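First up is the structure itself, then whatever we jot down about it.
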Amino acid sequence: MQVFTGVERPEGLSRWRAGGGRKWAAGLGRWGQALRSPLGATAATLLGLVLLLAILGPILWGDRADAIDTSSLSQGSSSAHWLGTDSLGRDIFYRVLVATRLSVALALLATAIGVATGVLLGAAPWLLGRRVGRFAVATINVAVAFPALLLVLFFAVIFGVGIRGAVLAVGLGMAPYYARVTSTLVAGVSGRDYIAAARIAGLGRMRILLRHILPNIGEPLIVNATLGAGGALLAFAGLSFLGLGVQAPSYDWGLLLNEGLNGIYVSPAGALAPGVTIVLAGLAFNLAGEVVAKKVGLRTANVRTASAYGPVPAAAVDEARPASDKDTAPVLAVEDLHVTVTGPAGPVTPVRGVSFTIGRGEAVGLVGESGSGKSLTALAVAQLIEAPGRVDARRLEFQGTDLLHTRGRAKGIGRLLGTSLGVVFQDPTTSLNPTMRIGRQLGEVVRRHLGKSRGEARARAVDRLRAARVPAPERRAHQYPHEFSGGMRQRAMIAMAMMGDPALIVADEPTTALDVTVQRQVLRLLEEIRAQKQVAVLLISHDITVVGQVCDRVMVMYAGRVVEDLPSSELRTEARHPYTRALLAAVPGMAADRDRPLTIIPGRPVDPAHFPPGCAFADRCPLADDHCRAAHPPLATDGAGRRVACWHAGEPLPVVTEDNVGVGEAS
Ligand SMILES: Nc1ncnc2c1ncn2[C@@H]1O[C@H](COP(=O)(O)OP(=O)(O)OP(=O)(O)O)[C@@H](O)[C@H]1O
């Protein structure tokens with residue numbers, strides 16, 4: 001059976017849901033195009049015929065199919081009975097037509113049971129947490145290892161002979177397959193930033209599953225179910241043929257096939273006809289599944305890899321605390337933060353001993369090369385590190401609330417983070433739930449945490465979109481994320497972060513995927529929000545110059561530690577760590593001599609699994625000596641509050657270029 005796991009929403013279907021006659025027609029047009037292809041036309045004709053027969057068959061020919069005629073028992077084909085008669089003289093042709101309803105209905109019912117059970121089992125790892133989830137996944141994997149038909153027969157024996165037993169047997173026999181598909185799809189979607197956003201917003205797992213995950217895996221599941229319905233039809237016919245399914249006087253194709261075989265020498269057509277209809281109906285479902293899969297797949301390829309960033313909602317500051325306290329106490333206080341995750345060869349600690357505070361309305365930049373631990377630090381603050389990952393710290397306080405020892409008060413923390421912390425994620429394509437209108441997504445948090453009505457939440461969303469400079473916010477609030485450009489989506493994310501009165505917005509490389517003009521707009525927007533609302537900002541970036549322009553303070557991370565922390569205004573003149581200076585030197589200015597080779601930082605960042613005992617930067621540092629390699633330099637604070645971790649802080653630095661790695665001296 002073909003497994004279809006595309007999870008992006010088809011443009012066509014998205015547009016249907018987006019509403020609007022023109023778009024609806026456009027979506028319809030695309031599907032119309034698919035149906036005009038030879039495959040589409042065949043599938044539509046066959047499926048249409050099968051469904052029509054299922055609906056009309058018993059109404060039109062039910063009486064004739066059931067009419068017993070003792071004068072013409074077990075006859076062969078004739079003009080009166082095209083396919084002959086059975087042992088009671090009933091017309092086989094009409095019986096085959098009438099049997100369509102029961103055959104198709106039972107197959108669809110069994111498929112529905114299979115899909116529903118499979119979705120429940122497949123979503124269990126998400127709902128029950130990692131440990132129990134692992135057990136669920138192992139069970140699914142074992143069940144999938146058994147041939148489905150064997151499972152069906154096993155369940156048929158357990159549930160007993162008859163329609164009910166057979167439906168349950170076929171449904172449950174298919175369930176492991178759908179469970180596997182679902183768990184794969186859920187695992188794929190659950191890593192998306194909009195899920196992290198929903199978690200920061202404090203939504204429960206069941207709610208996230210229903211609102212954010214299932215709508216995004218619905219289409220591939222439907223495609224698989226359509227394909228699976230053909231299999232269910234065959235399985236059901238098989239059970240009836242074996243005498244385990246439908247029992248007389250009811251009849252489906254499987255039972256007719258069984259009866260037909262008894263008289264195959266008198267009337268071969270009596271056996272052949274139900275067999276042919278089973279094959280044709282199975283083919284109809286499979287072809288329909290293929291067409292939908294193809295259409296969805298095409299559409300998936302067409303999905304724009306636009307940009308934007310995902311943030312998350314934020315809001316009310318702790319009103320209970322005295323104003324003076326709120327003004328002076330840090331919004332975020334982190335001391336000796338360690339984040340441990342599971343690497344390929346066991347646990348590693350990519351963040352080891354990070355300490356910093358962010359004051360009200362302060363903008364702090366966090367820079368460093370890829371892998372230095374910036375994102376993990378932000379995720380730890382947002383409580384998004386999942387088991388088996390571990391967060392340890394001497395202190396991790398947001399708005400004066402201890403985030404580390406709050407298990408018993410998880411709901412309160414969810415509300416605090418959901419309303420006071422905004423996160424703008426790195427990947428713009430995964431930050432917003434593609435199946436929800438922008439306005440509804442934005443409104444979700446205020447509805448949940450601030451008890452706003454649907455109308456109030458919508459009004460607030462429109463207002464925040466306007467504040468984030470999204471043009472025509474009323475109209476835009478009604479649209480889906482795919483209808484937004486990258487920069488616009490990013491602004492929508494910032495609007496989401498402002499749904500309350502955020503105390504802190506964590507922006508993880510919010511402009512990496514945007515063109516320069518839009519980058520500036522987005523950064524300016526963050527600056528404005530900060531200035532107007534006194535919102536603190538933690539801006540994560542590879543680009544030290546961007547951070548230097550936007551932030552009050554710059555923290556430089558290397559190999560999981562903060563190696564320097566200083567005011568942005570002093571970045572060019574007072575940076576003392578060789579790594580900070582190398583990052584600055586590696587950025588060519590407009591006035592740079594284009595004939596001179598670019599300055600580079602030799603070597604590569606350290607693998608978190610192999611941090612050296614001394615200074616992690618030593619192997620790339622032109623000032624490093626044996627002491628650096630043996631002893632880790634502490635993060636020392638000077639009288640002005642600047643921090644640096646280097647045994648040779650501020651010493652003159654040789655310039656390293658592509659041409660003289662390790663040779664040239666500083667001028
Ligand atoms: N869930 C995880 N499991 C295992 N290793 C991880 C996990 N998340 C991050 N890491 C590793 O931890 C290190 C730090 O990752 P992090 O994402 O914090 O780096 P970063 O500085 O934000 O880099 P980038 O700028 O590329 O996002 C990297 O080596 C990364 O491979």
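The values are calculated or read from the model by the stated rules, or taken from the named source; none is laboratory data. Quantities reported herein were computed from a predicted structural model and do not represent experimental measurements. In this analysis, Cβ positions are derived from the backbone assuming ideal geometry, glycine residues included, and neighbour counts consider all displayed protein chains. Heavy atoms of the whole protein, side chains included, go into the accessibility calculation; ligands, DNA and RNA do not. Shrake-Rupley method; radii C 1.70, N 1.55, O 1.52, S 1.80 Å.
When the GluC sites (Glu not before Pro) in region 465-550 are filtered for DSSP coil states and for at most 10 other beta-carbon atoms within 10 Å of their beta-carbon, no site remains. Between LEU261 and ALA531, the distance separating the two model label sites (each 7 Å from Cα on the Cα→Cβ line) works out to 8.3 nm. Would any residue of region 152-193 have its amide N under 16 Å from a label point 7 Å out along Cα→Cβ of PHE146? List them or say none. Counting only backbone N, you get 152-160, 166-180.
Heavy-atom accessible surface of CYS551, to the nearest 10 Å², is about 10 Å², with a 1.4 Å probe and all protein chains retained. Cα-Cα pairs above 33 Å in region 37-297: how many percent? So the portion of pairs separated by more than 33 Å is 31 percent. The gain in end-to-end length when the VAL132 to VAL279 segment is fully stretched comes to 48.8 nm, 0.36 nm per residue minus the alpha carbon separation.
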